[in-house]
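Beneath this line is the structure, given in structure tokens, with notes to follow.
The values are calculated or read from the model by the stated rules, or taken from the named source; none is laboratory data. Small disclaimer: the values here were computed from a predicted structure and weren't measured. Every residue, glycine as well, gets a Cβ built from its backbone with ideal geometry; the counts of neighbours run over all protein chains shown. All accessible areas refer to the heavy atoms of the entire protein, side chains included, with ligands and DNA or RNA removed. Shrake-Rupley method; radii C 1.70, N 1.55, O 1.52, S 1.80 Å.
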Amino acid sequence: MPLVSRLSTTPVKGTALHSPRTVALTVDGVRDNRRFHLVDARGRLLNGKQHGPLVQVTAEYDSAGEHLRLRFPDRPPVEGPTSTLGDPVRTDFYGRGVAGHLLTGPWSAALSDFVGDEVHLVAVDRPGEGVDVHPVTLVSSATLEHLRSVTPGGERLDHRRFRMLVEVDGCGVHEEDTWAGRRVQLGAATVRVVGPVPRCAVTNQDPGSGVPDFSTLKAIVRYRGELATDLSTPVAHLPDNGAVIFGMYATVEEPGEVSVGDRVEVADVRQPA
């Protein structure tokens, strides 16, 4: 029986991942996952693709107390309340406008100093909207292990490179790909698997430093080929037009808690094409 083996979230998009034991899935996903994101001086989304070393920053967020703390590798942490908002902004998430407000406090100065350029921290108006496309991403442990096993030096391919919300153990290699269009129960929640996740250059970066150190995209293509045809997801921002896919997107149909160790069950039969 497939089980949830790992959950990965972060309150600030592009920063170090956390591994909670339990998350609450709403129709918009995990409310505090990617609750905040960065924009540059022109108001454009800035994440690991533009500045990989953001993964060296650890963000800790207490939603009940509306308190954020950022820990940097080489300077004192900054922290404070997130309840004081500045100007409204609308950030382009690959063709989808996400409403938010600039966050007033020490964040932008500290992050600009770390990045080496002007950046600002934004709080999304609707928690859960700070994801790339769909609120849930999932991949099987078998798929990750297979990539490692068929790739020279593949032991370096840490799961963090793929930044997936849910990892599933106990199913076959790329079995999750067969769930497209199907309802899947994750613990107390039910999701609808939409389609594959097109991968970007962030997977080429060391997940601890953010420095490119491995040709992960080429490793996927080497054994899978360029599989994507019509992804129904934005790909214009991807250098390969989304041809390299790994893992699956899903939407939330029935909210509920998901915990490590919960059963994963395909809830209906895949419809014929």
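Condition check ((1) surrounded by fewer than 19 Cβ atoms within 10 Å (Cβ to Cβ); (2) aliphatic (A, V, I, L, M); (3) in contact (Cβ under 8 Å) with a residue 60 or more places away in the chain; (4) within 24 Å of E176 (Cβ to Cβ)) across all residues:
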| site | (1), (2), (3), (4) |
| --- | --- |
| L3 | yes, yes, yes, yes |
| T15 | no, no, no, no |
| R34 | no, no, yes, yes |
| G48 | no, no, yes, yes |
Conditions (1) over 12 Å from P11 (Cβ atoms); (2) surrounded by fewer than 19 Cβ atoms within 10 Å (Cβ to Cβ) -> E129 fails only (2)
Looking at the stretch 21-58 only, could you name the residues that are hydroxyl-bearing (S, T, Y) and either outside any strand (DSSP E or B) or touching a Phe, Trp or Tyr at 6+ places or on another chain (Cβ under 9 Å) (or both)?
T58
Criterion violated by P81 - all others in (1) closer than 27 Å to H134 by Cβ; (2) over 21 Å from the mean Cα position of the chain (by Cα) satisfied:
(1)
Kindly check whether there is at least one residue in the stretch 93-101 that is assigned to a strand (DSSP E or B) and touching a Leu at 6+ places or on another chain (Cβ under 7 Å).
yes
Is it true that V55 is touching a helix residue (DSSP H, G or I) at 6+ places or on another chain (Cβ under 9 Å), in contact (Cβ under 8 Å) with a residue 12 or more places away in the chain and surrounded by 14 or more Cβ atoms within 10 Å (Cβ to Cβ)?
yes
Name, by its number, the condition in (1) more than 28 Å from T58 (Cα to Cα); (2) in a helix (DSSP H, G or I); (3) open to solvent by less than 10 Å² (accessible area, probe 1.4 Å); (4) free of Cβ contacts under 8 Å to residues at least 60 places away in the same chain that does not hold for E176.
(4)
What number goes with the only condition from (1) open to solvent by 50 Å² or more (accessible area, probe 1.4 Å); (2) at negative phi; (3) touching a residue at least 60 places away in the same chain (Cβ under 8 Å) that P77 does not pass?
(3)
Residue match in the stretch 110-119 (condition: in contact (Cβ under 8 Å) with a residue 60 or more places away in the chain and either under 17 Å from the mean Cα position of the chain (by Cα) or within 29 Å of T251 (Cβ to Cβ) (or both))
no
Select from the stretch 187-218 the residues that are assigned to a strand (DSSP E or B), open to solvent by 20 Å² or more (accessible area, probe 1.4 Å) and closer than 15 Å to Y249 by Cα and list them in ascending order.
R192, V194, P196
Apart from one, (1) surrounded by fewer than 22 Cβ atoms within 10 Å (Cβ to Cβ); (2) charged (D, E, K, R); (3) under 30 Å from R182 (Cα atoms); (4) in contact (Cβ under 8 Å) with a residue 24 or more places away in the chain all hold for R148; the odd one out is (4)
